[in-house]
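Data block below; observations after.
We did not get these values from a lab; they are worked out from the coordinates using the rules stated. Since this is a predicted model, take the numbers as computed values, not measurements. Heads up, the Cβs are rebuilt from the backbone with ideal geometry, glycines too, and the neighbour counts pull from every protein chain shown.
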Amino acid sequence: MRVELEQEEDGRWVADVVDLPGVLAYGATRNEALAKAEALALRVIADRLEQGERAPELNNLFIAA
């Protein structure tokens, strides 16, 4: 899954998991935002699987862009 990272004007970082619309996280550092987004993405995938939905393709699980 591709994760896009961008630094906001106020210095915070935002990480957006492109393959899971709406899954994004903020952090004080690039690494913090990335870690939070990855953890949230895994929770969303687990929830989808528990509900009987298909999960996105999991090859190369996270790729920071």
Sparse-neighbourhood loop hits (GluC sites (Glu not before Pro), the chain; DSSP loop; Cβ within 10 Å at most 16 others) -> 8, 9, 53, 57
As a percent rounded to 5, the proportion of antiparallel DSSP bridges among beta bridges in the chain is 80 percent
Share (percent) of C-alpha pair distances in the chain greater than 21 Å works out to 22 percent
Amide H neighbours of residue 19 at under 5 Å, excluding residues fewer than 5 places away on the same chain, with H built from the backbone geometry, are 2
With 0.36 nm assigned to each residue of separation and the Cα-Cα distance removed, residue 32 to residue 2 gains 9.2 nm
